[in-house]
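One structure is given below, encoded as structure tokens.
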Amino acid sequence: MPDNVTWLGTPAFPEAARTALGNNQLRTNLRKATGTIRDKRLAVTGELADWEQLRDAGAALKLRTLRHLDSHLVRLEEAVTKAGGTVHWAADAAEANRIVTELVRATGQTEVVKVKSMATAEIGLNEALAESGISAYETDLAELIVQLGDDRPSHILVPAIHRNRAEIREIFRGAMGEWGRAAPDDLTDEPRDLAEAARLHLREKFLRAKVAVSGANFAAADTGTVGVVESEGNGRMCLTLPETLITVMGIEKVLPSFADLEVFLQLLPRSSTGERMNPYTSMWTGTTEGDGPSDFHLVLLDNGRTATLGDEVGRQALGCIRCSACLNVCPVYERTGGHAYGSVYPGPIGAVLTPQLVGVADKQAASLPFASTLCGACYDACPVKINIPEVLVHLRARAVDEKRGPVPSPETLVMKAAAMTLSSPRRLGWAQRFGAIGGRLVSRGGRIGRLPGPLKRWSDTRDTPVPARESFRAWWQRTRGEGRS
Amino acid sequence: MRIALFITCFNDTMFPDTGKAVVRLLERLGHTVDFPAGQACCGQMHFNTGYRREAKPMVGRFAEAFAGYEAVVTPSGSCAGMVRDYHKVLDPEVDPPPVYELSELLVDVLGVTDVGAYFPHRVTYHPTCHSLRMLRVGDKPLKLLRAVRGIDLVELPAAESCCGFGGTFALKNADTSDAMLADKMRHVQSTGAEVLTAGDNSCLMHIGGGLSRLRTGVGTRHLAEILAAQEGDA
């Protein structure tokens, strides 16, 4: 069964993170890569005097579009149809996979080339196609590394961020031959050599392909124009050479008009790769005789998005333009990497998107909103100002409420007892006296060391000060008498 | 000016010296400090952990305790942020009082950067996440520290990176928290500072707890305590 947003069998975040944190190579790769992208982004966003206004414009456009998503999508369907394309509606991953599989079958082909796409990764399209005997070849360099390595993507933009060039050489030498043109025996780990091996391997696929599958960064409802931005030109090859093009796009990617691209084509490259302009911007409007694919299909994917739209706080996550700036600045992501999130959408945006797409009843998805210190670096970096910390605490409340039952969990009991204590100055005063005595009983040299029970994880690596013998309020009462009550 | 002190339940219990320092400092600057005895907790821990139902009553109680004050000061960036950004979310009926984190009160409201402090130590400053990105205190704490006599203020590398505390995050995701703490401690130690300071004792308890466990010899001191310190203090 193909995955649907989350990867089957991934443990909850704390456990998955523990495994990832023990991988020293991963830690080194991530530290280097996120640090580099972070600095590049700061340089190119800092040079624009109107960067904040651009962010405001992007946020406003996205929120306004989401409020009237239904009518924009109908407009898009009309425009694409008029331009010679065919629009399909998919309520969930299974339906989208079925539509794409049938479209490929109708061509009589058994292989497709793919443009890097989050939507098709989200629905597990490659696995679904494989079940029907269709081979899907990833052509984005990083996606190719992931596919050849029988691996999972760990970053939205740079899915092989967890691999270094020595590892990539081993993957190319080991697996390229099984998928097509083999890598040369004397392949080095020089970037130029690795790129050349990938180029030769992929060229064979591009020239043979009759069907391509892509995602979309945007679609303009007024003209029916669909667009993909990328850095390598491999996407351009897929979008222009084959006869049939099938595009799977989340319904939230629609924009009211072509002119709105002015904002997003500035926000996206600066936030994602730290470039002023992305190297390849491909746009197509239906089909054009004698130029590019003669058969174009647009599959509009819901897969939990309408449900997300129904959440007034959570819906802002649908404004995401998949730039991954939030991943690169996140102190949690920088240390755990993407696999720990157990989803095609990792990092802060994944922590707010995944639980909404799959629901907080899922234990693994429900652990994701807690995978943050709420430090707010993601909100500062987001080009469309998604208030990720706000959505995180909102989803935490949904996750907690989902678990509330007739019998409270140990955590709920602790939180209820704490609320009783902390909401009353009198009860807080008693707790302080009790805590001061208890703290003294377990302390040594003015510090509390290792503790058993729920505080074990904290105290394994941190000393804790002893609660004060005299609380502040007791001191005030003693020295200043009655306060204003 | 008459200023109400919101001590926060955490400082009240664990770090009363920080509260005493705020009182001493503000009185030294010629202001009157009240401690409304009806105050307890702002509800941040419950709110941030998803227990909104439990946090909501604390919001009403907070507004009641501080009703009528034109300025409330607190030695905690994250509790100030909680009141300012989220009390209305929890209870739209409530009108939260104007709460200022200490450096905001001093620099913005009272218009002072030299508070007449003396602290002859090598100090590095960690800008806590909520001070920095919820309250946007910017360099106000640094302005105050630079004016302290005798201080040897050294810049903390990667200062704006989170220390990994995050309230219940440190318990729920202890391994990730440890990894973040390790990097923060490495940066603190690289400065050669004797004292790490910040505007939040929760972050300081976290980083200080790690520094203490490793016997690094680096201590922690809340910003208020440095600003309150004077010549002749022990």
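The values are calculated or read from the model by the stated rules, or taken from the named source; none is laboratory data. As the structure is a computational prediction, the values presented were derived from the model and not from experiment. Ideal geometry is used to build each Cβ from the backbone, glycine not excepted, and the neighbour counts take in all protein chains shown. Each accessible area value is taken on the protein alone, full model and side chains, heavy atoms only, with ligands, DNA and RNA left out. Shrake-Rupley method; radii C 1.70, N 1.55, O 1.52, S 1.80 Å.
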Among all the lysines, which ones have a C-alpha under 23 Å from residue A:416's C-alpha, if same-chain residues fewer than 8 places away are not counted?
-> A:363, A:403, A:456, B:56, B:88, B:172
Accessible area (Å², per residue) of the protein assembly as shown, counting only protein heavy atoms and a probe of 1.4 Å = 40
Label model pair residue A:195, residue A:131: point-to-point distance (7 angstrom along the Cα→beta-carbon line) in nm is 3.9
About the Cα centre of the protein assembly as shown, what is the dipole size in debye to 20, counting +1 per Lys and Arg Cβ and -1 per Asp and Glu Cβ, all else neutral?
-> 2760
Take every residue in peptide B:203-214, count the Cβ atoms of other chains within 10 Å of its Cβ, and give the average of those counts.
-> 4
Between chains A and B, total accessible area buried, probe 1.4 Å, no ligands or nucleic acids, nearest 100 Å², roughly 5900
Once you have the Cα-Cα distance between residue A:280 and residue A:39, take 0.36 nm times their residue separation minus that, and quote the gain in nm to one decimal.
-> 84.5 nm
May I ask you to list the aspartates and glutamates whose Cα is less than 17 Å away from that of residue A:253, ignoring any residue fewer than eight positions away on the same chain?
-> A:70, A:77, A:78, A:92, A:122, A:222, A:230, A:262, A:302
A correct Kirkwood calculation over the Cα atoms of the stretch A:336-440 returns a hydrodynamic radius in Å of 16.0
In Å, the C-alpha Rg and Dmax of the stretch A:106-219 are 14.0, 44
Going toward the positive end of the dipole of chain B, with +1 on Lys and Arg Cβ and -1 on Asp and Glu Cβ, which of B:5, B:168, B:148 do you reach last?
-> B:168
Report the charge-dipole magnitude of the stretch B:2-109 in Debye, nearest 20, computed about the Cα centre from +1 at each Lys and Arg Cβ and -1 at each Asp and Glu Cβ.
-> 180
Within straight cross-link reach of residue A:210, meaning Cα distance under 17 Å, which lysines are found once same-chain residues fewer than 8 apart are removed?
-> A:114
Relative contact order %, the stretch A:300-347, counting alpha carbon pairs below 8 Å whose residues are six or more apart = 22
How many times 2.2 N^0.38 Å is the alpha carbon radius of gyration of chain B?
-> 0.98
Relative to chain A, whose Cα atoms define the longest principal axis, helix A:388-403 and its Cα axis are tilted in degrees, nearest 10, by 70
For residues of B:32-42, the mean tally of beta carbons on other chains within 10 Å = 5
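Equivalent-ellipsoid semi-axes (√(5λ), Cα gyration tensor) for the stretch A:410-480, whole Å, largest first?
Result for the stretch A:410-480: semi-axes of 23, 19, 8 Å.
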Linear extension gain, residue A:480 paired with residue A:426, 0.36 nm per residue minus alpha-carbon span | 17.7 nm
Which Cys residues of chain A have no other Cys Cβ less than 4.7 Å away and so no disulfide-compatible partner by this rule?
-> A:238, A:320, A:323, A:330, A:382
Solvent-free Debye scattering, log10 I(q)/I(0), computed from the Cα coordinates of the stretch B:122-228 at q = 0.18 Å⁻¹ = -0.83
Report the extension gain between residue A:166 and residue A:204 in nm, rounded to one decimal, defined as 0.36 nm multiplied by the number of residues separating them, less their alpha carbon distance.
-> 11.2 nm
Percent relative contact order of the stretch A:410-480, based on C-alpha pairs within less than 8 angstrom and at least six residues apart?
-> 28
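When only C-alpha pairs under 8 Å and at least 6 residues apart count, what is the relative contact order of the stretch A:1-137, in percent?
34
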Which value in Å is the Kirkwood Rh of chain A over different Cα pairs?
-> 24.7
Equivalent ellipsoid, the stretch B:5-96 (semi-axes from 5 times Cα gyration tensor eigenvalues, Å) = 24, 15, 10
Before rounding to the nearest 500, sum -39500 (n - 2.57) across all DSSP H runs of length at least 4 in chain B and divide by the residue total; then give [θ] at 222 nm in deg cm²/dmol.
-> -11500 deg cm²/dmol
